[in-house]
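The values are calculated or read from the model by the stated rules, or taken from the named source; none is laboratory data. Note that the structure is a prediction, hence the values are computed from the model and not measured. Here the Cβ positions follow ideal geometry from the backbone for every residue, glycine too, while neighbour counts run over all protein chains shown.
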Amino acid sequence: MYSVFNVASYICNRYEKENGKRIDEMKLHKLLYFAQRESIIQTGKPLFVEEFEAWKYGPALREIRNHYKSNDFDKRYNDESLDPIMDKVFSEYSHIFSWSLSMISHGEESWKRARVGIPEGENGSARISTSDIYIDAQKVKEYRSGN
């Protein structure tokens, strides 16, 4: 299991290297979510223990918010063991606009379940259950295999 800050650092560094600019905060949160889901698909285990919150624009990690604001990520962090997961996440999602990623995340069962009872468009801090992310991971895995 990884530190969520190391995974975020990896994403920030790789994104800047590949795109020549800093990743925006919304995209960082969404790529972290898709990385968590992709890890479950590929390994059967989550990347990190922190749980996402179902914010109105999709899954987000409160632990990452303050670090993003202060740009407090390890600028040199790179862990090649993350490459198989991140290669898939980056090829599928890093080129998509942040608002579009937000809309994609709204289709995830885990986000929908956490948002039950929260009016659309309102802020919320309900936790997204990692067990619900497993459900989303299984759906993606089945889709990829053609079932």
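Per-structure values
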read-out	value
For H106: the one exception among (1) under 13 Å from the mean Cα position of the chain (by Cα); (2) at pLDDT 95 or above	(2)
Restricting the stretch 98-110 to residues that are outside any helix (DSSP H, G or I) and touching a residue at least 40 places away in the same chain (Cβ under 8 Å), the residue that is nearest to I135 (Cα to Cα)	E108
The stretch 52-92 - residue that is in a strand (DSSP E or B) and touching a residue at least 40 places away in the same chain (Cβ under 8 Å) and, of those, surrounded by the fewest Cβ atoms within 10 Å (Cβ to Cβ)	E53
Residue in the stretch 129-147 that is of a type outside the set (S, T, N, Q), under 22 Å from K21 (Cβ atoms) and in contact with a Phe, Trp or Tyr (Cβ under 9 Å, 6 or more places away or on another chain) present	no
Output for the stretch 1-51, where each listed residue is touching a residue at least 40 places away in the same chain (Cβ under 8 Å) and among the small types (G, A, S)	S3, A8, S9, A35, S39
Residue match in the stretch 99-108 (condition: more than 21 Å from G124 (Cα to Cα) and among the hydroxyl-bearing types (S, T, Y))	no
Search result, residues across the stretch 93-137 that are loosely packed, with under 14 Cβ neighbours inside 10 Å and more than 17 Å from A54 (Cα to Cα)	H95, F97
Subset of the stretch 5-54 [hydroxyl-bearing (S, T, Y) and under 19 Å from R76 (Cα atoms)]	S9, Y10, Y15
Selection count where residues are assigned to a loop (DSSP other than H, G, I, E, B), under 19 Å from K88 (Cβ atoms) and among the hydrophobic types (A, V, I, L, M, F, W, C), scope the stretch 12-51	3
Residue in the stretch 119-128 that is at pLDDT 95 or above, touching a Ser or Thr at 6+ places or on another chain (Cβ under 7 Å) and part of a loop (DSSP other than H, G, I, E, B) present	yes
Test: E63 is more than 21 Å from A8 (Cα to Cα), modelled with pLDDT under 95 and of a type outside the set (V, I, T)	no
